[in-house]
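These notes are about the structure you will find just below.
Bear in mind these aren't lab numbers, they're just calculated from the coordinates by the rules spelled out. All values reported here derive from a predicted model rather than from experimental measurement. As a convention, Cβ positions derive from the backbone with ideal geometry for all residues, glycine included, and neighbour counts pool all protein chains shown.
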Amino acid sequence: MAKIAVVRGDGIANEVMPEAEETLLAAAEAAGFPVEMKHFDWGSERYLREGRGMPEDACKTLREGFDAVFQGAIGDPRVPGSIVQEQVIMGVRFGLDLYANIRPCRLYHADLTPIKGKGKGEIDHVVFRENTEGLYANVGGLFKQGTKDEVALQEEVHTYKGVERVIRAAFAFAERHGRKKVTVADKAGGLKFAGAIWRRVFEEVRADFPGVESNAMHIDAVAMELIQHPEKFDVVVTENMFGDILSDITSALVGGVGLAPSANLNMEGVSMFEPVHGTAPDIAGQGIANPVAATLTAALLLDHLGCAQGAAAIRRAVEEAIEAGERTGDMGGSLSTKACGDAIRKRLS
């Protein structure tokens, strides 16, 4: 029995997550893969009630009692700043040491991409983003704050352990899923120290995977080539900030964040799965939000837990529903959130 902790989150997450959960359960049942879910009320509503978005021992609860976490978007305009996101999203990422952020990018229909002449399946790659280091380690500070002489320092942090494990995870993913090539995106020619460790560790790790083609490119060249020739890429692995930017580019290539799933992995522990989009308070409660990103995230979760059949069924059902024009408004359709979820589930069989 796979045990999944569910954090629905805020805003439209409370509309799209129930659809994704229902689809996950249906696909798992059809595959003969028993699943048990437990819901947690972590997020902005809890913060407004109690002053904390989640309990201090939340990660201990997750490590000791669950196989995976299925999490929706977090954030509410009633809470200024990013305190809830820091407590919940970053709290789980750092608390569970979720060092690899994975964002698949697949084109499900030609009319979803802004790139001329690309058809279904012709864009199909995965971005592996280091998830715990880089600029987001928040090492730095402010000097003479509030004056015209103010100085802000934000330092990058790259450890051999952090770089090695995410590059190795990218190669292992490629090997497991039949992906043919891994590309490291760095800035070895400009960042003397950070670029050097990424390029050196990449050379070390790829020697352990002789069956997987690999190459190294500068990040600016990767960004340009992703837009001009996205079919050249298969698996791209990079550092935290570069990966944050690249993964938004890849989302735009295939229809936007409404179709963008992600996984935050610790290959030796409990991992967390969340759609890329935000809480969209401007449309929350209207029943028009797109559940596809959350649904494809459910497929990532099942795949990670070993239910490849259920994951494949979800992806196939999503593709067929999009092909049939059964979509929400952001994808050029007219279905509600619930109707879109129903359209996917009726194709699971």
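Values computed for the structure shown
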quantity: Sequence-distant residues sharing a close amide H with VAL127 (under 5 Å, placed H); calculated: ARG103, CYS105, VAL236
quantity: Placed amide H near THR328: partners under 5 Å, 5+ positions off or other chain; calculated: GLY333, LEU335
quantity: Value at 222 nm in deg cm²/dmol, rounded to 500, when DSSP H runs of n ≥ 4 in the chain each add -39,500 (n - 2.57); calculated: -11500 deg cm²/dmol
quantity: Derived scalar couplings ³J(HN,Hα) [the stretch 7-21; Karplus, 6.51 cos²θ - 1.76 cosθ + 1.60; whole Hz; x for Gly, Pro]; calculated: 10, 5, x, 10, x, 5, 4, 6, 9, 7, 5, x, 5, 5, 4
quantity: Neighbour cut-off at most 13 other Cβ (10 Å), DSSP loop, trypsin sites (Lys or Arg not before Pro), the stretch 188-243; calculated: LYS192
quantity: Whichever aspartates and glutamates have a C-alpha closer than 15 Å to that of LYS338, once near sequence neighbours (fewer than 8 apart) are set aside; calculated: GLU15, GLU19, GLU21, GLU22, GLU326, ASP330
quantity: Rounded to the nearest 20 debye, dipole of the chain from Cβ charges on Lys, Arg, Asp, Glu; calculated: 380 debye
quantity: Amide H contacts of VAL6 (H built 1.01 Å from N, under 5 Å, at least 5 apart or other chain); calculated: LYS38, HIS39, PHE40, PHE70
quantity: Alpha carbon convex hull of the stretch 221-317, volume per residue in cubic angstrom; calculated: 140 Å³
quantity: Cα-Cα separations in the chain greater than 39 Å, expressed as whole percent; calculated: 12 percent
quantity: Over 23 Å between alpha carbons, listed pairs LYS120/LYS187; LYS180/LYS346; LYS118/LYS232; LYS3/LYS120; LYS120/LYS180; calculated: LYS120/LYS187; LYS180/LYS346; LYS3/LYS120
quantity: Sequence ranges 93-101, 50-58, 66-74, ranked by mean other-Cβ count within 10 angstrom, highest first; calculated: 66-74, 93-101, 50-58
quantity: The stretch 124-253: C-alpha pair distances exceeding 17 Å, %; calculated: 58 percent
quantity: Beta bridges per DSSP with both ends in the stretch 123-275, % antiparallel, nearest 5; calculated: 35 percent
quantity: From phi via Karplus (6.51, -1.76, 1.60), per-residue ³J(HN,Hα) for the stretch 249-258 in Hz, x at Gly/Pro; calculated: 4, 5, 4, 5, 5, 10, x, x, 5, x
quantity: Along each principal axis, Cα extent of the stretch 1-127, largest first, Å; calculated: 52, 40, 28
quantity: Rounded to 5, the percent of DSSP beta bridges in the chain classed as antiparallel; calculated: 40 percent
quantity: Chymotrypsin sites (Phe, Trp or Tyr not before Pro) lying in DSSP loop within the stretch 137-226, provided at most 15 other Cβ fall within 10 Å; calculated: PHE193
quantity: Under Karplus coefficients 6.51, -1.76 and 1.60, residue-wise ³J(HN,Hα) of the stretch 29-36 in Hz, glycine/proline x; calculated: 5, 5, 8, x, 10, x, 10, 10
quantity: Linear extension gain, HIS229 paired with ALA312, 0.36 nm per residue minus alpha-carbon span; calculated: 27.2 nm
